[in-house]
1. Specify whether the C-alpha gyration tensor of the range B:66-172 places it in the rounded, prolate or oblate class, a ≥ b ≥ c being the square roots of the eigenvalues: rounded for a/c under 1.5, otherwise prolate if a/b is larger than b/c and oblate if not.
2. Rounded to the nearest 5, what is the percent of antiparallel bridges among the DSSP beta bridges in the range B:127-282?
3. Most fluctuating residue of A:81, A:130, A:21 in a GNM of chain A with Cα springs under 10 Å: which is it?
4. Choose one answer from B:114, B:143, B:212: the residue with the largest mean-square fluctuation in a GNM of chain B with alpha-carbon springs under 10 Å.
5. Among B:112, B:288, B:126, rank each residue by its count of other Cβ atoms within 10 Å, from fewest to most, as a rough exposure measure.
6. Over chain B, consider all pairs of different Cα atoms and compute the Kirkwood hydrodynamic radius from their mean reciprocal separation; express it in Å, one decimal.
7. Taking only Cα atoms, what is the 0 to 90° angle, nearest 10, from helix B:44-64's long axis to the longest principal axis of chain B?
8. Can you give the mean number of other chain Cβ atoms that lie within 10 Å of the Cβ atoms in peptide B:3-15?
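Every read-out reported here was derived from the displayed coordinates using simple, explicitly stated rules and does not represent laboratory data. This is a predicted model, so every value here is computed, not measured. Because the Cβ atoms are built from the backbone with ideal geometry, glycine has one as well, and the counts that use them run over all protein chains shown.
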């Protein structure tokens, strides 16, 4: 038995390196919580595992790069998926020159538009949840995602990214404008209403 | 420095006197009286009348309970908001009158921030907590970040206490229903599935409330429904708190607000904290519920950091948000 390597541990799940057949994989394991009764614990873990796997597969069907899913274990709440040998956008975005940064950000925006065209809401679009591999943006962690056609949901989705860019890439805050350029290009509906919604959300002032 | 604080954001009117001892809060007295509606929920104007009828005696009693006199009070603090308008105005009027008559400065403070600061002020080792603040109207997860107390998660519709009270009213329990539901829940055994609504670190209860009322109409056992409500809502509250801890990378959890008196909620948050190797803090019950001592203590902190307020500017603010307060007393 190989010692398990935990790549990341969050509030809800941990990400471990693993092997599936001969592929390099990661396992997203949702953690059972002893503060809640078994009934709720089982229901949440299996429901969220299923929803996340469905969203990842739906995103792939729409031509957005995501990890390949090898296995879904609803009982134990484990998704086994491709280990992406790329770099997190968070770690590389600040090191690009301006043109490259703009190109990557437009690409991010285009891909978010592809998700939103199909009402896929990622729920946690941060630069930590995007991996650059083979010059493609791969989205990971759909754990807070949902299918939702409302403008509000799309606005909130982009607003999360805006905040992430402001906090983590504050010197390059024009990045978000490039993201919006790409988003406008690929969104089937008029992006204006979504962008207006982002402004509304900022004005609510509740969010940081 | 000795400060007298008056709390009156909702159904309770409280007067507390605290003393600053080496930057820790010593509570000298802390008296609370609560308006009880004859039926239904809180009527804001009736609650304000109740406060008006009791505040003068309460101030007098709170000083008599201590070794100090009015002349020893250095500062008068009051809850500026958020809360019910009529109640806030009555409280502020009492504070202004007291401030003018004893000729001591006045300061208005944020009620939600006071719930957090009383934990830091009275519990040793509680330094930089994530607060799960659960009361009738308020349900927020608050933590300090970049100079302010930020709301990392909160209810998108009604407060948890309000959810419990509304259910209570629908099934014929008196206000406040929380404690009665807690007792009934201990006798419940069967879990009925209820909506569990979390969006990121935010939370919603109204769907759950409707479903719970349906179960009751369908003749299910009240004890079982109460059990199911507690288990579901408290699990969701604990989960958003844990998410905020993971997000902010803090290792302390504090609970506050009236619903934090519920043992099951306390237990759940404590178990979560232990599993994460975080410290769990809970103030004594009279400092958990709405009280004057916490208002007094926040007044002390603000005054010491140089904040001053004139009587003519001592407005109330019904929608005074947690993150509107510039936290000048912390690094």
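1. Details: a/c = 2.21, a/b = 1.39, b/c = 1.59.
Oblate, since a/c reaches 1.5 and b/c is not below a/b.
2. Numbers: 13 of 21 bridges.
If we restrict to bridges inside the range B:127-282, about 60 percent are antiparallel.
3. In the Gaussian network model the winner is A:21.
4. B:212
5. Values: B:112 28, B:288 25, B:126 21.
Neighbour counts put them in this order, fewest first: B:126, B:288, B:112.
6. Radius from the Kirkwood sum: 20.1 Å.
7. Relative to chain B, helix B:44-64 is tipped by roughly 50 degrees.
8. Values: counts 0, 0, 0, 0, 0, 0, 0, 0, 0, 0, 0, 0, 0.
Counting other chains' Cβ atoms within 10 Å and averaging over B:3-15 gives 0.
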